[in-house]
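Colleague: Dropping a structure here in C-alpha cells format, bear with me for questions.
The values are calculated or read from the model by the stated rules, or taken from the named source; none is laboratory data. The structure presented is a predicted model; accordingly, all values stated were derived computationally and were not measured. Positions of Cβ are backbone-derived with ideal geometry, glycine not excepted, and every protein chain shown enters the neighbour counts. We work out accessible area using only protein heavy atoms, side chains counted, and drop any ligands, DNA or RNA first. Shrake-Rupley method; radii C 1.70, N 1.55, O 1.52, S 1.80 Å.
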Amino acid sequence: MNATMFSALAPILMLSLTAVVLMIQASIKRDQSVAWVITAVGFLLTLWSASYARDFIQPVTILLEVDHWSLFFTSLILMASLVTLVLSKETFSSEGERKEEYYLLLVLSVLGAVVLIQSSHMVSLLLGMELMGVALYAMIAFPERGQLPLEGAVKYLVLSACASAMLLYGFALIYAATGELSYAGIGARAALAYAENPMLMMAGSAMVLAGIGFKLSVAPFHMWTPDVYEGAPTPVTGFLATVSKSAVFVALSRFYIDGALYQFSGLNTALVVLAIASMLVGNWLALRQKNIKRLLAYSSIAHFGYLLVVLIALTYLEADLVSQSITFYLTAYIVTTLAAFTIVSMVAGEDTAKQNISAFAGLFWSRPLEASALTVAMLSLAGIPLTAGFMAKFFVITVGIQSGLWGLLAVLVIASAIAIYYYLRIIFAMTQSAQSSGNSANWQEKLAAIVLMASILALGSWPQPFIAYAGLL
Amino acid sequence: MVMINLILILLIGGLLAMLSERISDTMPRKVAMVVVLTDLVYLLLCLSGMPEITQLQAPVANDPSTWLMHFKTDWIPAFGISIELALDGISLLMVLLTLILGAIAISASWTDIVVRKGFFEANLLWSLAGVLGVFMALDLMLFFLFWEVMLIPMYFMIAIWGHENRGYAAMKFFIFTQASGLLMLMSILALVAVNQSATGIWTFSYFDLLNTQMTEQAAHWIMLGFFIAFVVKLPGFPFHTWLPDAHTQAPTAGSVILAGILLKTGAYGLIRFAVPLFPEAALDFSSAAMWLGAAGVVYGAVLAFGQTDFKRLIAYSSVSHMGFVLLGIYAWNELALQGAVMQMVAHGFSTAALFMIAGSLQERLHTRDMREMSGLWQQMPRMGAVAMFFVVASLGLPGLGNFVAEFLVLLGLFQVNIWITVVAATGLITGAAYSLLLMQRSFQGQANQKWVDSGLVDFGTREMLTMAVMIVALIFLGIYPQPVLDAAQPVLQSLLNLTTSPTVAIVEVM
C-alpha cells in the first residue's frame, strides 16, 4: 500500500470516518438532528472524495479495482443516499429513543455498497454484500411499531442468508475449478477449467448467479420483494430498490465481464431464462397490485429483467457498448425509482392506507408538484419518450438488435405493453376528482422531487452529454 | 426555424392558456384560440414568401433541398439522431388541416368543458403541437418521439374530461397505440442497425435511410412493424377496436382531434414511411393490405349500421372511411394516392363536424342514445340542416369533398385489382344506409315529447360559424379540388418515382 492507493480509497475511508464520528457523537450526546447533519456532511465529503479519487485510479490490492466506472457509480449511489437521507428525517423523527443508530446503519450500508461496486475479488464481493445487507436488515426493521417492518426484515434476513450460502458454495466450486478468487484470475483460467471439468465450473457459476439473482430479485428469486418493499419504511425501500440493487448489478456485471463468464452458452441460456421470467412475472403480477410500494416492487423485478438483456448481449458485442448501456440504464433506473419513492414518501409516508393507489386520487389538483413528478416517474418507468426511461430502453433495444436477440426483444415488447397498464393506473387515479389530504412535505423533500424530475426529463430529452460521458467511463 | 416556431408557439401557448385560468374562467379558451390562429397566420405568412404551391417543382423525395422547407440540427450525435424537420406538399396539407381543425376543436370546447378549463386547453394545444411534429419530422427518432408524446395530452383529455366510461377508454387507447409504437421503435432501430452495418454510419435521417439495402426477409419484417403501428392508428381492420371506445368517451373537442387529425397521422406514416422505405416489401404486401382495407370499409359500415349510440356510429363510420385511405395507399398509383390524400382532408372536416353535432346533442340532451332522440329537427332546425349536410357529405354525395376522394380511390384501385374494388364499392351503399339511418333516427320522425317540453336551444352564432367553415371547406373540396391535388401531386409523383427507381432494380438483380 502506498499513498496514492489511500487516495484512491478516499471514498471508502471517508465513509468509514463518518461512521466513526457518528458513533462518537452518539456516545456524547444523543441528538437526531446532529446525527443527520453529520451524515449529510459525510456523504457530501465522500462525493467530493470520489471525484478526488479520479486522479488516482488503480487496482488497490487484489481486492478492489478503483476505476472511472466504479467511481461514477460510487458518486451515483451517494447522491441516491443523500435523497434517502432527506426522506429519512421526517420518517424517523417520530420514532422513539434510538433514532441516531439509523443514520449509522445507513452509512454502513452505503459503505458496503461502495465496496461491492469496487470489488474485483470474490472476497470483497462477499464483504460488501454482507455489510450492505446486514445493515439493511436493521434498517428495514427499524420502526418500533407495526408488524410489517419486522415481517419484511425477517423474510429478507432468512432468504438473504440462504442466498449468501449459495453464493459461498458457488465461490468454493469456482475456486475448486480454477484455483482463483479474483475476477481477472477466473477470467484467465475459465476456459481451461471448463474444458477440464465443465460440471464444476457450471455448477459454481450457476450458484453464484442464483445468489446474486436473489439480491437483484429477478424471477424466480423474487418472492421476498413485494413484502419487503411494503414492510420497510418508504425511504429504506427506496434505498433498497436503488442503491442496493444497482450496486449488486454493477458487481455482477464486473464479475461477468472480467470473469469472462459470457463465453459459456449454458450460463447465457440461464440468463435468458431469468430475463424472460423477470420481464413477464414482474409485469404480470404488478397488474393487480393495490399498494403502490408492492407495485413498484414488481416493476423493479421487470426492470432488472430488461437490464439482463444487456448482459446477455455481452456474448455478441464488445464490452464498451454494453457497459455504456448498463451505465445509462442504471442511472435512469436510479433517478426514476428514487423519484417515485420520494413522492410516495411525501404523499403517503408510512401509512399503508395512504399507499393504496386509490388514495392517490385527486393528487393532480391538490398537490400538482408531487403529481407531476410522479407522472414523469411513471412515464419514465413505462419508457415513454422524453424521459430517461425511454433512452434506457432505447439502449437495451439497440444492444439487443445488434446482437440479434429477437426472441428476447419480442418478450420485452410484450412485457412493456403489459407494464403500461399499471403505470397508467396510477396516473389515471391522480387525475380523478377526489379530496386527498396528504402529509405535508418539507422544503428539502420538495427540492429533491424537483431535482429528480428535472434529471429524468434532462436525461430523456438531451442525453448527448451524458452518453458522451458514459462512453468514456 | 419556421417549423420549430410553429411547434413552440403551440407549446408555449398551452402553458399560457393554463396560467390564464387565474385571470378569469373564460380566459383559457380565448387564449387557446388566439394561439392556434396566430400559428395558422404565421404559417400562411411564411408560405406567401414562397413560390405558388401550384407551380411547385416536383421535389425529389431523397433530396431535402427540393422540399418547401428543411431544417436540421444535431440532437444526439452519438447515435446520429438529429432534429430534422421538413415540409412538402402533403405535410403542408396536413399541417393546415391540423391547425384549422385545432381551431374548430377549441370552438367545440367553448361551453362543453366546465372544469379545469386551463389544463384542458393546454392539453389540446400540446397534442396539436405533437401532431405538427409528426407531420414535419423526418428524423425517424424524432418522428417516433412526437408520435408517442402526442398521445399523452390526448390521454389526459379522455381520462379527465371524458364521459362515463373514460377510464377504460383512455387506457385502451393508450395501450393499443403504445404497444404498436414499441413495434415501430423496434423496426426503426432494426432499420438503422441494418443501415449501420452496411455503411458504418449511425443515422436516423429519412433521406439517408431511403436507400438502405437489405435482404428481402429483413425488409418484410421491418416493414410489418411500421405497417402495424400505422394501421393501429389509422385504424384499419382488425386493429380498430380501440377507436369506438376512445371516440365515444372523449369530450367533443377530443373526438374532433382524434378523428380529424390523429387518425391521419397513421395514413401519413404509411405514405411517407411504410411504403417508400420498403418499396419491394410493400409491393409484396399490397394485396393483403388492400384486402384489409376493403374489409375495414365493409366491416366498419356494417357495425356502424348496428349502433344506437350517436357517437359510436360516427366512430365506426370512421373505420369504414379510413379503409378507403388504406386502399388508396396500397393501390399505389397516382389516382388512388390522390384519393387517399383527399379522403384524409375531407374526412377530417366531415367527421369533425359530425362529432361536434354529437357533442352539442349530448350537451343539450345528456344522452347519446338515438332511441331517445326523435324529430329533433322541429326544435333545432339549424342543427338539423347542418347535420343533414354533413351526413350526405359523409355518404359521398357528388359535389362534396368525400365523393371526390372515394371516387378517385376506386378509380385508381380499379386499375390494380377489380375484385377488391367491387367489394370496396359496396361500402358506398352501406355508407348511405347508416348515414341516413343516423339522420332519420335523431332528427326526423315524431318529435319526442320529453324534448319538446324541455325546450332545446338551437345552434348559436359561434356554432354556426364553426360549421360554416367546414361546410365551405367541403363544398370547395367537392367542386374545385384542384389546389389540394396540385399540392399533393408532385410529392406523390416523387414517391412513385422512388419506388420504381433504378436502385430498386439493382437490388432485384442482386
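Colleague: Give me the percent of the accessible area of chain B that comes from carbon and sulfur atoms, probe 1.4 Å, all protein chains in place.
Modeller: Within chain B, the accessible surface is 66 percent carbon and sulfur.
Colleague: Out of the range B:311-395, which chymotrypsin sites (Phe, Trp or Tyr not before Pro) are coil in DSSP terms and have no more than 16 other C-beta atoms within 10 Å?
Modeller: none
Colleague: Quick one: if you stick a label point 7 Å off each Cα along the C-beta vector at B:Arg22 and A:Trp462, how many nm between them?
Modeller: That separation, rounded to one decimal, is 2.5 nm.
Colleague: Still on this structure, I have one more. With a Förster radius of 41 Å, plug the Cβ-Cβ distance of B:Leu283 and A:Tyr316 into 1/(1 + (r/R0)^6) and report the FRET value to the nearest 0.05.
Modeller: 0.80
Colleague: Follow-up question, since we're still on this one. Please count, across the range A:264-473, the pairs of lysine residues with Cα atoms under 21 Å apart that sit 8 or more places apart or on different chains.
Modeller: 4
Colleague: Threshold 30 Å², probe 1.4 Å: give the residues of the range A:448-473, in number order, that are less accessible with all protein chains present than with their chain alone.
Modeller: Those are A:Gln464, A:Ile467, which lose 30 Å² or more relative to the chain on its own.
Colleague: Roughly how many nanometres apart are two label points built 7 Å out from the Cα toward the Cβ at A:Glu151 and B:Ile418?
Modeller: 7.4
Colleague: How many percent of Cα pairs in chain A exceed 32 Å?
Modeller: 35
Colleague: Which of the GluC sites (Glu not before Pro) found in the range A:1-95 are in a DSSP loop and have at most 16 neighbouring Cβ atoms, other than their own, within 10 Å?
Modeller: When the GluC sites (Glu not before Pro) of the range A:1-95 are filtered for loop state and at most 16 Cβ neighbours within 10 Å, A:Glu95 remain.
Colleague: In Å², and per residue, what accessible area does the protein assembly as shown have when probed at 1.4 Å with the other protein chains present?
Modeller: Each residue of the protein assembly as shown exposes 33 Å² on average to a 1.4 Å probe.
Colleague: Name the long-range amide H neighbours of A:Val66: under 5 Å, sequence gap of 5 or more, or other chain; modelled H, no Pro or chain starts.
Modeller: A:Gln58, A:Val60
Colleague: Taking every alpha carbon pair in the protein assembly as shown, what does the distance histogram look like in 20 angstrom bins from 0, in percent?
Modeller: 13, 41, 31, 13, 1
Colleague: A follow-up question, please. Given a 1.4 Å probe, show me the residues in the range B:101-116 buried by at least 10 Å² of accessible surface when comparing the whole protein assembly to the chain alone.
Modeller: The answer is B:Arg116.
Colleague: I'd like the interface area for chains B and A: accessible area of each alone minus the complex, both sides summed, 1.4 Å probe, protein heavy atoms only. What is it in Å² to the nearest 100?
Modeller: Interface area, both chains combined: 3100 Å², rounded to the nearest 100.
Colleague: Further question on the same structure: Looking at the range A:1-94, which trypsin sites (Lys or Arg not before Pro) are DSSP coil and have at most 15 other C-beta atoms within 10 Å of their C-beta?
Modeller: Answer in residue order: A:Lys29, A:Arg30.
Colleague: Taking a quarter of the surface of the convex hull around the Cα atoms of the range A:106-148, what do you get in nm²?
Modeller: It is 3.1 nm².
Colleague: Helix hunt in chain B: which complete DSSP H runs extend at least 27 Å axially by C-alpha with mean Kyte-Doolittle at least 0.0?
Modeller: Span-like helices in chain B: B:27-48, B:89-108, B:117-136, B:166-199, B:279-305, B:310-331, B:334-365, B:418-442.
Colleague: Please give the Cα centre distance for the range B:200-261 versus the range B:264-342, rounded to the nearest Å.
Modeller: 12
Colleague: If you don't mind, another one. Heavy-atom accessible surface, probe 1.4 Å, ligands and DNA/RNA ignored: which residues of the range A:407-429 lose at least 30 Å² versus the isolated chain?
Modeller: At a threshold of 30 Å² (probe 1.4 Å), the residues of the range A:407-429 that become less exposed are A:Val413, A:Ala417, A:Ile420, A:Tyr421, A:Leu424, A:Phe428.
Colleague: How far apart, in nanometres, would the label points at B:Ser197 and A:Ser366 be if each is projected 7 angstrom from Cα along the Cα-to-Cβ direction?
Modeller: 5.4
Colleague: Please report the carbon-and-sulfur percent of the accessible area for the range A:264-473; probe 1.4 Å, protein heavy atoms only, DNA, RNA and ligands left out.
Modeller: The nonpolar share, carbon plus sulfur, comes to 66 percent.
Colleague: Taking K and R as +1 and D and E as -1, what net charge do the other residues with C-beta under 12 Å from the C-beta of A:Ala319 add up to?
Modeller: With Lys, Arg at +1 and Asp, Glu at -1, the net is -2.
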